[in-house]
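Report on the following structure.
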Amino acid sequence: MKAAIYLLLLGGCVATAPGATDEGGGQARQARGRVANFVYTSMPEGVENPVSVMTGKDIVQLTLSKRAASDPVKIPADGILRLVRKMDNPQDPAKPAFVTLAQAQIPETVTKALVILTPLPKPKDGRVFHSQVQDLAAFTGGDYLYLNLTNVNVGVE
């Protein structure tokens, strides 16, 4: 009986998870294969939100949040995800140039990743974020993932 109640509650949590359904038609909006979600701890000055994420040669617009993980982004074959900013290209105005704000290397063994972006104290080479990759598939029973969902800053000692 306890197991049935536990499964029912777990199913309800999965069904109401952010990004589980698309508001338009109720269709699931999931990237297939290896995916990554983003979250940031603080937004550096001058960085716009939503950001552009480069996956291979494709550019995806993504809204970042402190309080919840972003929509999933497909991880390319090389495993490199970049947050980029579009810049004018003086050599070829028809083809824009991109400056890398952050870069994350996702290992081949990771199928579902969370990329945590923290601002660098001193930006260098155009990069303003340090990225840390967490393997979400490695979280099993007994482990937990905590994101601060309150509107106030929380200090952890």
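The values are calculated or read from the model by the stated rules, or taken from the named source; none is laboratory data. Owing to the predicted nature of the structure, the values given are computational and were not obtained by experimental measurement. Positions of Cβ are generated from backbone atoms using ideal geometry, with glycine treated the same way; all protein chains shown enter the neighbour counts. Side chains included, ligands, DNA and RNA excluded: accessible areas come from the protein's heavy atoms. Shrake-Rupley method; radii C 1.70, N 1.55, O 1.52, S 1.80 Å.
Shown is the FRET efficiency for residue 91 and residue 41, computed with R0 = 35 Å from the Cβ-Cβ distance and rounded to the nearest 0.05: 0.45. Per residue, the solvent-accessible area of region 79-146 (1.4 Å probe, heavy atoms of protein chains only, all protein chains present) comes to 67 Å². Applying 0.36 nm per residue to the separation of residue 71 and residue 130 and subtracting their alpha-carbon distance, the gain on full extension is 19.3 nm.
Give me the percent of accessible area attributable to carbon and sulfur for region 35-108, probe 1.4 angstrom.
On the way: 2080 of 4160 Å².
For region 35-108, the apolar C and S fraction of the accessible surface comes to 50 percent.
Of 125, 78, which has the most accessible area and how do the rest follow, probe 1.4 Å?
Sorted by accessible area, descending: 125, 78.
Each of 86, 74 has its accessible area taken with a 1.4 Å probe; listed largest first, they run 86, 74.
Using 1/(1 + (r/R0)^6) with R0 = 41 angstrom and r between the beta carbons of residue 98 and residue 137, what's the FRET efficiency to the nearest 0.05? After rounding to 0.05, the efficiency reads 0.85.
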